[in-house]
Amino acid sequence: MRLGAILAVAVVCSVLAGCGNSPSSSNSGDLFVATQGDSLVSTFGVNLTDGSLSASSSKVATGSAPSAMAVVPSGSAAFVANSQCVNGGTVCNSVSRYTVNSDGTLAAVSGVQAVGTDPVALAVDAAGKLLFVANRGSNNISVFTIQSGTTLTEAAGSPFPTGASPVALAVAPSGNYLYVANNLAGTVSVYAVDSSGVLSVVPGSPFTGVTSITPAGVTTTPKGDFVFVSNSGSNNVSVFAACIAVSSLCPTADGSLVEVTDSPFTAGVSPGPLAVESSGNFLYVVDTLSDQISGFRISTASGALTPISPPTVSTGAGPVSIAIHPDGLWLYTANFAAATITYFGIDTTSGALAPHSPIPTGGQPAALGIR
């Protein structure tokens, strides 16, 4: 199976009330897992009391080499990016669409949406109205409006050019800005987003870090005031102030990025997907070649990162995707080489991660979605 530089971060969505070990029973959530070995998306129930997973019989087909997943904020629809055609696969360079039933099962929507070459990252805005697709092979971003649950209509001017090899996306919580990590260009592109999905380049874009090499992941704080970029080639994380408002770091509220003092911050080997938990106090980075997660406390004043204790925890072999449940208590990684999901409890005071036994998935898990 093809993995390449595919690194996915789940789009975290709605919290479901209730508790149990089956998908969407009371006090539970749902974790969706796309696997490349069998081109399927499976549902696992999330027990919100202890974070444990229970497999469902719900499995639906996706296209060739699924590489990324996004779930809309309401939790009612999901999208999966099908990257390059491999091993005889024919449904590729496209996005598969699914409705999410109340019990967590997925129903495939007929037909796929064509996008650019080798789509490897997806993001949905907080309003659930726009879907962004990073096309690594064609160096551009496809943008769609989301209507009637899963209907996609391409925005005027889409696809929009990026730097070389866009591999990760993040949308500002306000929905006004899109951040794109360009792996081979070593830059981050920033776009202003209008209500119809049209992108325009902000002043100074693309931006570079002091020593950043081959950026592989990007995310923001819940307030949108800081942007974090993992650099797989230099084993560190760059931190930028996102100039969405005038501050001591930002003379103008124009959406530009200003690197913070002491950035970049050291991570593990080949850091990739990364995510901030719901309080905005802690950042977690998947170190793809050291099979671990690095955890950091975020300074709310400066954005600076301080390692938590312990600074790293082990995952299964080949972690490639991360998802944090919206309640901020449970973190999951998809381990491509081990064919497992590892999960951790998050200490909301210290940020420390408490590991639990891995859950087998089969099929080489490559992307996660959660609600």
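The values are calculated or read from the model by the stated rules, or taken from the named source; none is laboratory data. The structure presented is a predicted model; accordingly, all values stated were derived computationally and were not measured. Virtual Cβ from ideal backbone geometry, glycine too; neighbours counted across all protein chains shown.
Miscellaneous remarks
- Qualifying residue in segment 237-246 (condition: assigned to a loop (DSSP other than H, G, I, E, B) and surrounded by fewer than 18 Cβ atoms within 10 Å (Cβ to Cβ)): yes
- Residue list for segment 131-149, filter: in a loop (DSSP other than H, G, I, E, B), at pLDDT 95 or above and either aromatic (Phe, Trp, Tyr) or surrounded by fewer than 23 Cβ atoms within 10 Å (Cβ to Cβ) (or both): GLY137, SER138, ASN139
- All positions within segment 290-342 that are among the β-branched types (Val, Ile, Thr), part of a loop (DSSP other than H, G, I, E, B) and crowded, with 21+ Cβ neighbours inside 10 Å: THR315
- Hits in segment 27-46 - residues which are over 22 Å from GLY111 (Cα atoms), buried (at least 18 other Cβ atoms within 10 Å of the Cβ) and either out of contact with any Phe, Trp or Tyr (no Cβ under 9 Å at 6 or more places or on another chain) or among the hydrophobic types (A, V, I, L, M, F, W, C) (or both): SER28, LEU31, PHE44, GLY45, VAL46
- Unique match (being among the aliphatic types (A, V, I, L, M) and over 17 Å from the mean Cα position of the chain (by Cα)) among VAL95, VAL133, VAL115: VAL115
- For THR153: the one exception among (1) free of Cβ contacts under 8 Å to residues at least 60 places away in the same chain; (2) touching a Phe, Trp or Tyr at 6+ places or on another chain (Cβ under 7 Å); (3) within 18 Å of TYR179 (Cα to Cα): (3)
- Criterion violated by GLY204 - all others in (1) closer than 28 Å to VAL237 by Cβ; (2) in a strand (DSSP E or B) satisfied: (2)
- Close pairs from segment 340-352: first within 16 Å of THR312 (Cα to Cα) and touching a residue at least 40 places away in the same chain (Cβ under 8 Å), partner among the charged types (D, E, K, R) and surrounded by fewer than 21 Cβ atoms within 10 Å (Cβ to Cβ), Cβ under 9 Å, at least 6 apart: GLY345/ASP50; SER350/ARG297; GLY351/ARG297
- Count of residues meeting criterion [in a loop (DSSP other than H, G, I, E, B) and surrounded by fewer than 17 Cβ atoms within 10 Å (Cβ to Cβ)] in segment 177-201: 5
- Residue-level analysis places SER165 outside the set of residues that are in contact with a strand residue (DSSP E or B) (Cβ under 7 Å, 6 or more places away or on another chain), of a type in the set (Ser, Thr, Tyr), closer than 13 Å to LEU199 by Cβ and crowded, with 20+ Cβ neighbours inside 10 Å.
- Filtering segment 247-273 to residues that are under 27 Å from PRO319 (Cβ atoms), among the aliphatic types (A, V, I, L, M) and either in contact with a His (Cβ under 6 Å, 6 or more places away or on another chain) or surrounded by fewer than 23 Cβ atoms within 10 Å (Cβ to Cβ) (or both) leaves VAL260, VAL269.
- Odd one out for VAL229, checked against (1) part of a loop (DSSP other than H, G, I, E, B); (2) of a type outside the set (D, E, K, R); (3) buried (at least 22 other Cβ atoms within 10 Å of the Cβ): (1)
- Filter result for the condition that a residue is closer than 25 Å to GLU277 by Cα, within 19 Å of the chain's Cα centre (by Cα) and of a type in the set (Gly, Ala, Ser), over ALA245, ALA172: ALA172
- Filter result (among the small types (Gly, Ala, Ser) and more than 27 Å from CYS85 (Cβ to Cβ)) within segment 137-156: SER148, GLY149, ALA156
- Boolean, VAL46 is modelled with pLDDT under 90 and within 21 Å of ALA275 (Cα to Cα): no
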